[in-house]
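Okay, structure first, notes after.
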Amino acid sequence: MNLNNNGKCENIEHISRRTMLKATLATGTGNAIANWGGLFNSQSIAQEAQKLGKRCILLWMNGGASQIDTFDMKPGKSTAGPFREIQSKLPGYKVCEYLPKMAQQVEKLGIIRSMRTASPDHPDGIYHMHTCYKQSERMPHPELGAMIGKYIGNKDSDLPSFVRMGPTGNAGSGYLGPRYEPFGIERNGNMPYFTTPYLPPANETRRNDLLRFMENESRKDNITDAFESHRVAKERSWRLLRAKSLFDTSKDWPKHQDLYGASDFGRGCFLARKLVEAGVPFVEIGQDNYDSHADNFVCHKANMQILDPAWSGLLIDLERSGLLQDTLVVWMGEVGRTPQINNRAGRDHFIRGWTIVLAGGGIKGGVVYGSTDADGRDVATNPVSEGDLFATIYTALGVNPRAKHYVGTRPIWATPEGSKPIKELLA
Amino acid sequence: MKEPGTRSINFEKSTLLWSLVWDADWVSAVSFVGDKHLAAGNNLGEILLWEIPEKPEALTESTSEKNKPNEKSERPSYQAPLPTRQMIGHSNIINRLICAENRWLISASNDHTTKYWDLMGTPSGTGTHVLNARTIEDANRNKNSGKKAPAPIKAEVKTQQPAKTIKGNEWIVGLAMSQDQSTLITGDDSGQVVLYDRVSGTKKKHWQVKGWAYAVAISPDLKQALVSERYPLVFDSGRHTGLKIWNTESATPLHDLGKEFKDMQISAGAYSQDGKILAIGRGGEGDGKIFLLDPSTAKKIRELSPIHQYGVTDLCFHPDGLHLASTGRDTVIRIWNIADGKMIKELGKPRGGQFKDWFHAISFSPDGTRVAAADMAGFIHIWQFGS
């Protein structure tokens, strides 16, 4: 049984007699029933990870950005398309002409050009690239953000441990339970409508105190997961409301708009910087829509003109505020895009050789890992799987990628067996 | 309205004369140069020039296979001639080609430049083109498919440098010339719209639009210009489309058509020779609608039917001033009677599966007896109309 700092049993995490029975029953039928990922080794892993004080921002390119049109260009080849290369800050390394600001940040980037993944469509790809497990498995895997929230988050903070905005993941906290569910804010950065109290503050406080009292009384006789989930969610909501002002960027944004670019995504990146500075361990900001089966080039050109200032602005701002060395910034989507240009001037989904970029905390900058062949049709060297990527991310953040969890009686690891962190990218 | 000197054309009688093979990349632009030459550009920035044979050579069985565009396509009547000249200098997609004085070829490109080529000029070098290079490359790469690589179709060409280069800021997507050939208008993806003196290439007027300038056209009296705009983001408040008719003298909007054509990317526009009709076509992958407007009021006169499925790519008035040709992402050309809006002929056939290939551009020969289409599949098709 795990004890928290107060020496009290954590209902939300421990394996209760009831849960054990449930899981045993579940195993018999072949289905997994969550017991919120009861852990045997999570406390020590979390303590070690928290000491490092790392944070993570995921820039999610919803629909799947094209590697050939960004960081793995193939000039002169039939797959090249109309974008041209420009020289980056690092001699010999070139990027797309529509990423001129990122070209000045490449010394911070660890670029993986050899992603070879297993889920070619959107729902399964989004799930896989957020959890590092296939969606088809009978197991509710937690997203990266939930895992980071668990291991790095401060349980006593009023802030959520996992915030996301725009088009993002689809798995939630999975077997880790409701405590680590993402807190979603609207595409334009507004808080959800339900965060606006409809009573005056004094009445709201009295009302909540009464509800708390009732919950505690009820809890004495009803210790079940469902009641506990509800109570935890309520507590998180009340605490979040105390910290709500942090999400308001209206005063600061005009001063930062030039740096991040005047866009929803740019503003989201700025909010992400504010949140990690305030102690939120994981923030995901999504940019729509890279799913360019038609008119890939105008789509990517327009998107990159938003992405370039937002992403580079984020890296610059994190560096200026001294946060970059402890903040891992991940740029990825669920799939890459085909080298072949189809008859709609589009590129389709591609998983045989695509690109993901890491930067900041725990990552060695100015490194390109892996390669694709001359036309970009396949990985040529150092293929990287979803598990390898997550092992690299976890390692950079100080989390053991082989952390073991139990769902019922079934053991499950943070990354699939055989996953290896990419040492060449780790600082 | 019929131009003096133009022959009476029977559009309903048409014959596909040639399908010129050129599959290095998508053929993206086409223009007749007088009645006896044809120029085309592609996605690689290459421009080739063909001399159109006075006495076409009949297709033999073997050459018929080489020149067959696609099983679903019409079969050309004659053996395709080879190109004789290449215009060198562009390094990216040729978006538009036009011809002035039957002598000057003018091109707009994604390499941020507009270039002039003097066809009376002397070529400076020679080169060799394999016109079916992509087919060969694909066959060699997919050896397992069992398809044999065809024999190369080689063409020896004379190469020529541009006579003039005008630098822009971004991809120059829109290019058009006034009826009197005195003025060029360009529009680029930085939102710059520029009017040039066509002969000297000097800038006469320029203005900025909010989005990326897309389709452009200038009225025969030079007093107004059509500019469509786009900024094709999805699910983002930065998304933008627009359509305005501008006063070219003051560079201010005369008519804002943004509300009437809301969310439509207008990809093509053209004024009729007498300036009384402005034709516009919807691009992107939406329904390829074509509208005829009165330029003086910007009021819609009529909408043409049927649509080009998945978008219009080009519109071109016939030299007789009575007919309009349109093409799009359905690999057909439609000839319309302007007076009543009726379609009187459809050339070509839709190809592909759910989504079709494209014809990028069309051009009438100056005498109006022929029309050419730039086919993304690596062909330039030339049809002859009856008389």
Number of positions in the range B:142-174 that are farther than 25 Å from B:Leu131 by Cβ and among the aliphatic types (A, V, I, L, M): 4
Members of the range A:253-307 that are under 23 Å from A:His130 (Cα atoms), acidic (Asp, Glu) and within 11 Å of chain B (Cβ to nearest Cβ): A:Asp264, A:Asp288, A:Asp291
Which numbered condition B:Tyr196 misses (of (1) loosely packed, with under 15 Cβ neighbours inside 10 Å; (2) under 25 Å from A:Pro82 (Cβ atoms); (3) more than 14 Å from every other protein chain (Cβ to nearest Cβ)): (1)
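Evaluate the following for A:Val379: is it over 30 Å from B:Gly286 (Cα atoms) and at pLDDT 95 or above? Outline the logic, then answer.
Numbers: over 30 Å from B:Gly286 (Cα atoms): yes; at pLDDT 95 or above: yes.
Yes.
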Boolean, B:Gln384 is farther than 17 Å from B:Ala270 by Cα and more than 14 Å from every other protein chain (Cβ to nearest Cβ): yes
Of all residues in the range B:263-299 being crowded, with 24+ Cβ neighbours inside 10 Å and of a type in the set (S, T, N, Q), the one that is nearest to the other protein chains (Cβ to nearest Cβ): B:Gln265
Those residues of the range B:197-210 which are in a strand (DSSP E or B) and either free of Cβ contacts under 8 Å to residues at least 40 places away in the same chain or among the β-branched types (Val, Ile, Thr) (or both), in sequence order: B:Asp197, B:Lys203, B:Lys204, B:Gln208
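Filter the range B:334-376 for residues that are in a loop (DSSP other than H, G, I, E, B) and within 22 Å of B:Gly174 (Cα to Cα); which is nearest to the other protein chains (Cβ to nearest Cβ)? Break it down into steps so the answer makes sense when it comes.
Going through the range B:334-376, the residues in a loop (DSSP other than H, G, I, E, B) turn out to be B:338-342, B:348-358, B:365-369, B:376.
From the residues that got through so far, the ones that are within 22 Å of B:Gly174 (Cα to Cα) too are B:357-358, B:365-366, B:376.
On the way: B:Asp357: 5, B:Trp358: 7, B:Ser365: 28, B:Pro366: 31, B:Met376: 7 Å.
Checking each candidate, the answer is B:Asp357.
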Enumeration of residues in the range A:107-121 that are closer than 23 Å to A:Phe297 by Cα and surrounded by 21 or more Cβ atoms within 10 Å (Cβ to Cβ): A:Ile111, A:Ile112, A:Arg113, A:Ser114, A:Met115
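Listed residues A:Arg402, A:Arg344, A:Arg337, A:Arg352; which is touching a residue at least 12 places away in the same chain (Cβ under 8 Å), away from chain B (no Cβ under 14 Å), under 30 Å from A:Asp264 (Cβ atoms) and basic (Lys, Arg)? Write out each step before concluding.
Numbers: A:Arg402 fails: under 30 Å from A:Asp264 (Cβ atoms); A:Arg344 fails: away from chain B (no Cβ under 14 Å); A:Arg352 fails: under 30 Å from A:Asp264 (Cβ atoms).
Unique residue meeting the criteria: A:Arg337.
Tell me, which strands (runs of 3 or more DSSP E) wholly within the range B:245-285 include 1 or more residues that are touching a Leu at 6+ places or on another chain (Cβ under 6 Å) and touching a residue at least 40 places away in the same chain (Cβ under 8 Å)?
Values: elements: B:252-256, B:266-271, B:278-282.
Ranges flagged: B:266-271, B:278-282.
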Whichever residue in the range B:167-193 is within 19 Å of B:Ala361 (Cβ to Cβ) and acidic (Asp, Glu) and, among such residues, is nearest to the other protein chains (Cβ to nearest Cβ): B:Asp189
Flag for A:Arg138 being part of a strand (DSSP E or B) and charged (D, E, K, R): no
Residue list for the range A:327-377, filter: of a type in the set (A, V, I, L, M, F, W, C), surrounded by fewer than 22 Cβ atoms within 10 Å (Cβ to Cβ) and touching a Ser or Thr at 6+ places or on another chain (Cβ under 6 Å): A:Ile351
Selection status of A:Gly145, in contact (Cβ under 8 Å) with a residue 40 or more places away in the chain and assigned to a helix (DSSP H, G or I): yes
Subset tally (residues that are among the aromatic types (Phe, Trp, Tyr) and surrounded by 23 or more Cβ atoms within 10 Å (Cβ to Cβ)) for the range B:207-249: 3
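I need the full set of residues from the range B:85-109 which are within 14 Å of another protein chain (Cβ to nearest Cβ) and either under 13 Å from B:Glu46 (Cβ atoms) or without any contact (Cβ under 8 Å) to a residue 12 or more places away in the chain (or both), in order please.
At the first step, the residues of the range B:85-109 found to be within 14 Å of another protein chain (Cβ to nearest Cβ) are B:90-95, B:108-109.
If the condition is that a residue be within 14 Å of another protein chain (Cβ to nearest Cβ) and either under 13 Å from B:Glu46 (Cβ atoms) or without any contact (Cβ under 8 Å) to a residue 12 or more places away in the chain (or both), then B:His90, B:Ser91, B:Asn92, B:Ile93, B:Ile94, B:Ser109 are the ones that fit.
From the list A:Ser250, A:Ser321, pick out the single residue that is away from chain B (no Cβ under 14 Å), modelled with pLDDT of 95 or more and over 28 Å from A:Asp378 (Cβ atoms).
Details: A:Ser250 fails: modelled with pLDDT of 95 or more.
When all the criteria are applied, what remains is A:Ser321.
Identify all residues within the range B:314-333 that are out of contact with any strand residue (DSSP E or B) (no Cβ under 9 Å at 6 or more places or on another chain) and in a strand (DSSP E or B); write none if there are none.
So in the range B:314-333, the residues out of contact with any strand residue (DSSP E or B) (no Cβ under 9 Å at 6 or more places or on another chain) come out as B:320-321.
Selection gives nothing.
Within the range A:342-362, track down each residue that is hydrophobic (A, V, I, L, M, F, W, C) and more than 26 Å from A:Lys134 (Cα to Cα). Spell out how you get there, then give the answer.
Kept after step one, since they are hydrophobic (A, V, I, L, M, F, W, C), are these residues of the range A:342-362: A:345, A:350-351, A:354, A:356-359.
If the condition is that a residue be hydrophobic (A, V, I, L, M, F, W, C) and more than 26 Å from A:Lys134 (Cα to Cα), then A:Ala345 is the only one that fits.
The values are calculated or read from the model by the stated rules, or taken from the named source; none is laboratory data. Remember, it's a predicted structure, so these values are computed and weren't measured experimentally. We place every Cβ from the backbone using ideal geometry, glycine too, and count neighbours over all the protein chains shown.
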